[in-house]
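K.L.:
Pasting a structure below so you can have a look.
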Amino acid sequence: MISVLCTLIIFSCLSLFTLPGLSFGQELFVFAGAASKPPTETAAKAFEKKTGVKVNLTFGGSGFVLSQMTLAKKGDLYFPCSSDFMEIAKKKGLVFPESEKYIVYLVPAINVQMGNPKGIKSLRDLNKPGLRVAIANPEGVCVGLYAVEIIEKNFTAKERAAFRRNLVNYTESCEKTATAVSLKAADAVIGWEVFQYRDPERIETIPLKKHEIARIGYIPIAISKFTTDKVLAKKFIDFILSGEGKAFF
């Protein structure tokens, strides 16, 4: 009799903490581009608190995390920082195209150390002798691809040669591109305007002229073909697109 009463009490207590809509024990796996890391981490924690679903995040260059997801044959959502890599994912049948949504837009810019000690005022200033410049690896990182397009669009062959002489690094992700400025490993990078919000005490942004920008980027998200719970994956997308989710971005 005592054991029956204890069991009833335990189930009664559990029912008090199991609220409608919560999914304790469930998990989502998200492969995401590093440019969206700060707001994505915040949004994931908010989603976990709201639903009880644990959100596992893997960050890196958009192309690199796509390769990781493909090799692992695991993942519920692909969240690159570039439409280019999402198009690759769709062409390879790695995501459900109808599930794709646009989350936020990204504007290319020049990022320099706070106070702009090298006096960089324009795109062509990146060709000054002795300047240390970095861009992300264009083969796997979206911001690197955009940087190459900007260079090709605006520089003559001679100017491109001068730019290459100043290149000191091809970074492996958006995060490492921003860090190159923060840690003074480079005097300037061609990155995103939002980098200054990652480290406002050490990063300053020099906007590009409108005609210098090859195109505006955007961050899409889509459900992976490897998902084990398409409904739950869609709930995460819906949360990101909600007023609460958008506020993080």
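The values are calculated or read from the model by the stated rules, or taken from the named source; none is laboratory data. Keep in mind that this is a model prediction, so the values were computed, not measured. Glycine gets a Cβ as well: all are built from the backbone with ideal geometry, and neighbour counts include every protein chain shown.
K.L.:
For the range 28-58, which positions are surrounded by 20 or more Cβ atoms within 10 Å (Cβ to Cβ) and either part of a strand (DSSP E or B) or in the same structural domain as residue 197 (by TED's automatic domain parsing) (or both)?
P.N.:
Within the range 28-58, 28, 29, 30, 31, 32, 33, 55 meet the criteria.
K.L.:
For the range 59-73, which residues satisfy the criterion of being buried (at least 16 other Cβ atoms within 10 Å of the Cβ) and farther than 23 Å from residue 177 by Cα?
P.N.:
Of everything in the range 59-73, just one residue is buried (at least 16 other Cβ atoms within 10 Å of the Cβ) and farther than 23 Å from residue 177 by Cα, namely 70.
K.L.:
Oh, and also: Check 153, 184, 158 and return the single one that is outside any helix (DSSP H, G or I) and basic (Lys, Arg).
P.N.:
Answer to the check: 184.
K.L.:
Restricting the search to the range 110-153, which residues are of a type in the set (S, T, N, Q) and either surrounded by fewer than 17 Cβ atoms within 10 Å (Cβ to Cβ) or more than 26 Å from the chain's Cα centre (by Cα) (or both)?
P.N.:
Selection gives 116, 122, 127.
K.L.:
Run residue 215 past the list (1) assigned to a helix (DSSP H, G or I); (2) more than 20 Å from residue 42 (Cβ to Cβ) and report the number of the one that doesn't hold.
P.N.:
Checking residue 215 against (1) assigned to a helix (DSSP H, G or I); (2) more than 20 Å from residue 42 (Cβ to Cβ), the one that fails is (1).
K.L.:
Would you tally the residues in the range 161-178 being over 14 Å from residue 192 (Cα atoms), not β-branched (Val, Ile, Thr) and not in a helix (DSSP H, G or I)?
P.N.:
4
K.L.:
Output yes when any residue across the range 6-26 is assigned to a helix (DSSP H, G or I), out of contact with any helix residue (DSSP H, G or I) (no Cβ under 7 Å at 6 or more places or on another chain), surrounded by 13 or more Cβ atoms within 10 Å (Cβ to Cβ) and at pLDDT below 95, and no when none is.
P.N.:
So far as the range 6-26 goes, no, none of its residues is assigned to a helix (DSSP H, G or I), out of contact with any helix residue (DSSP H, G or I) (no Cβ under 7 Å at 6 or more places or on another chain), surrounded by 13 or more Cβ atoms within 10 Å (Cβ to Cβ) and at pLDDT below 95.
K.L.:
Here is a follow-up. Being in contact with a helix residue (DSSP H, G or I) (Cβ under 9 Å, 6 or more places away or on another chain), of a type in the set (A, V, I, L, M) and assigned to a helix (DSSP H, G or I): is that true of residue 233 here?
P.N.:
Criteria met by residue 233.
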